[in-house]
Amino acid sequence: MLAIMRRGAQSWVAKGLFIILLASFAVWGIGPIFQGAGRLQTAAEAGNVKISAAEADVAFKQQIRQFEQQYGMTLNADMIAQLGFKRQILQQLVMQALYDQEAGKLGLRLGTELVQQTIAAQPNFRAPNGQFDPNLFRQLLGQIGMSEQEYVAAIKGDIIRLLLMGSIRGSTQPSDTLARTVYAYRNERRVVEATEIKAADMTGVARPSDEELNKYLADNGSNFMAPEYRSITYVAVDLAKIAAAVPLTPEDVKAVYDTAPQDYGTPETRDIVQIITQDQALAEKIAAEAASKPLDEVAKANDVAARPAPGITRAGIMPELGDIIFTLEASKTSQAVQSPMGWHVIEVTKVSPAVPSSFDEVKNQIEANLRLQKGQEVMFEATRKLQDAIASGSTLAEAAEQLDLNAVKIDAVTADGYKPDGTQITNQPILATVLKTAFQLPQGQPSQVEEIPSGSFSVVVDTITPAQTKALADVKDEVVTAWTNARRLELATTKANELAEQVRNGTAVRGMARSQPLLRDGSNVDKLPQTALPHIFDSKVGDVLTAATDTSVWVIKVNAVNPAIVDGADLSAIRTELKEQMSNDMLEQFAGALRGSYGVELNDAWLQQSADSSN
């Protein structure tokens, strides 16, 4: 088994299939980083690994955010439960833990060189010139709250898991017989004769009575629904308003600048060339030789790559390297130094000194930052007072009056911000966030105070008007149209059935037109309904069938079956697809074997915990 995995790993690495995007950490890379206690201590156990509730909560929330961003919609608790997101993410974390344990059992290890190549190849970390940008790398890691060491460890874990999965996937190969059979099935063609009976051509449909309309509305109420409306009141602590009102004097701003003038302007940057190796002795040998020769020349002589890294700043660089890089003189080479990436030998090729900014150049920036800083302090205090007022039993309106905040009341609004008259509320920047919370609350219970980038808020639902079928008086014209169309379609169906029976009895029917040879995938179906294809390809020559759409009914007779010509056909695409399907099946079986071997236990209490309580 291990030999197979090593062969699979070599082929995958050679093809460069391990470029792992930063977004992949929504599934694989976040596990070891987020730890802590939650309301439930453990969400699942996989072998000897316990997945904490806090870890599962973080992964769950990330998946919800990604789904909402991708599809441009807001999910409430019921929708989240129906989609099964909690179970999906917990199963993903379980499989991560099982793969990690199996990889450890098999002794799979990873060299630093592949990790470096993987990180350097990620487009998110590249500068406009296409080169890996270490400053951008550190900046993006800072945005997701990861250190370089954590990121390197997560990348290693991701690649090892992919190596393990790749070895399983790479062991499948479909047979020629299977490929030929699938090709013959997909490329068989059928010729039919068909005619369309359009509902719009059916005449003599009388105007329906109110009794018929009421019955139709009762039977088809879901097509004439008014959405759920909620009347809400919310109170917001607005950071921008608070910051704008912070009293500041010119002396306050100047004092901030005088404290650390070196912090303003362009920082010192350095261009370096470095080698990285796992061999300490080799690194020390290269460092000794580079004391009198250029590092790239020494690296080449020792068959090691010397990689340039331009524009490095002190901020965010690993401490093990920062002190070395920013104390070396230009054109000087360091001794061998160790970091989580391995052993480094570094040569500074260029030093660009810091360029300070004058007070006048940065005073507006300092003032804005100072207002924001002091405004955040005021905002945090106002948020705390709002929380205390709600906890003491005050209504939101009372809390707003006590704290001199505005209470915003909206009489009726849908989850996506529309009023009953069909207009959308657009003058309230945080309304979408407020509504997301409001439509998950019971009536009369104020939410917890939620912190958002622009401040904080709390909302209470005053009344709920459930989604309901509209009254006939409000939608009578639409119901009349729908009833009439349905009645005409019934008449078209009756006529189509009569024509189909005539065709079966050998009677010639006007309007029956011969089709081109139809493909099973429907790519050349023309006007025929796609829903008819499975029935056409399940029928014998001479069979007659009907197929309905929303606006017509077709009468179809199967005239001929044209088998596919397999000999000489290009089967490469079929083989590739079958290999992918077989690989996925193998992975599913392997996953099942791991679950059985190591044992898995899911905590039903975490799964049943509502989406609200996970936030």
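General remarks:
- Taking the longest Cα principal axis of the chain as reference, the axis of helix 53-71 is set at about 60 degrees.
- Taking trypsin sites (Lys or Arg not before Pro) across the range 531-615, the ones in a DSSP loop with at most 11 further Cβ atoms lying within 10 angstrom of their Cβ are LYS540.
- Sparse-neighbourhood loop sites, trypsin sites (Lys or Arg not before Pro) in the range 273-321 - DSSP loop, at most 10 other Cβ within 10 angstrom: none
- Farthest toward positive dipole pole in the chain [+1 Lys/Arg, -1 Asp/Glu at C-beta], among ILE430, LEU93, VAL566: VAL566
- Neighbour-limited loop hits for GluC sites (Glu not before Pro), the range 256-355 (at most 12 other Cβ within 10 Å; DSSP other than H, G, I, E, B): GLU329
- The gain in end-to-end length when the ALA432 to GLN448 segment is fully stretched comes to 4.1 nm, 0.36 nm per residue minus the alpha carbon separation.
- Expected-Rg normalisation [2.2 N^0.38 Å, Cα atoms] applied to the range 46-139: 1.46
- Peptides 223-233, 157-167, 242-252 ranked from most to least packed by the mean count of surrounding Cβ atoms within 10 Å: 157-167, 223-233, 242-252.
- Mean projected area of the Cα convex hull of the chain, taken over all directions, amounts to 41.8 nm².
- Averaging the Cα positions of each part gives two centres, and for the range 440-513 and the range 216-248 these lie 25 Å apart.
- The range 77-111-the range 358-437 distance, computed between alpha-carbon centres (Å): 38
- Excluding same-chain neighbours fewer than eight residues apart, the lysines reachable from LYS540 by a Cα-Cα span under 19 Å are LYS557.
- Extension gain from ARG314 to GLN262, taking 0.36 nm per residue of separation minus the Cα-Cα distance: 17.4 nm
- Crossing angle, helix 85-106 versus the chain [Cα axis fit, 0-90 degrees, rounded to tens]: 60
- Ordered by 1.4 Å accessible area with all protein chains kept, HIS344, HIS535 run largest first as HIS535, HIS344.
- Reducing the range 186-207 and the range 546-613 to their Cα centroids gives an inter-centroid distance of 31 Å.
The values are calculated or read from the model by the stated rules, or taken from the named source; none is laboratory data. Since this is a predicted model, take the numbers as computed values, not measurements. Positions of Cβ are generated from backbone atoms using ideal geometry, with glycine treated the same way; all protein chains shown enter the neighbour counts. Remember, those area values only see protein heavy atoms, side chains included, never the ligands or the DNA or RNA. Shrake-Rupley method; radii C 1.70, N 1.55, O 1.52, S 1.80 Å.
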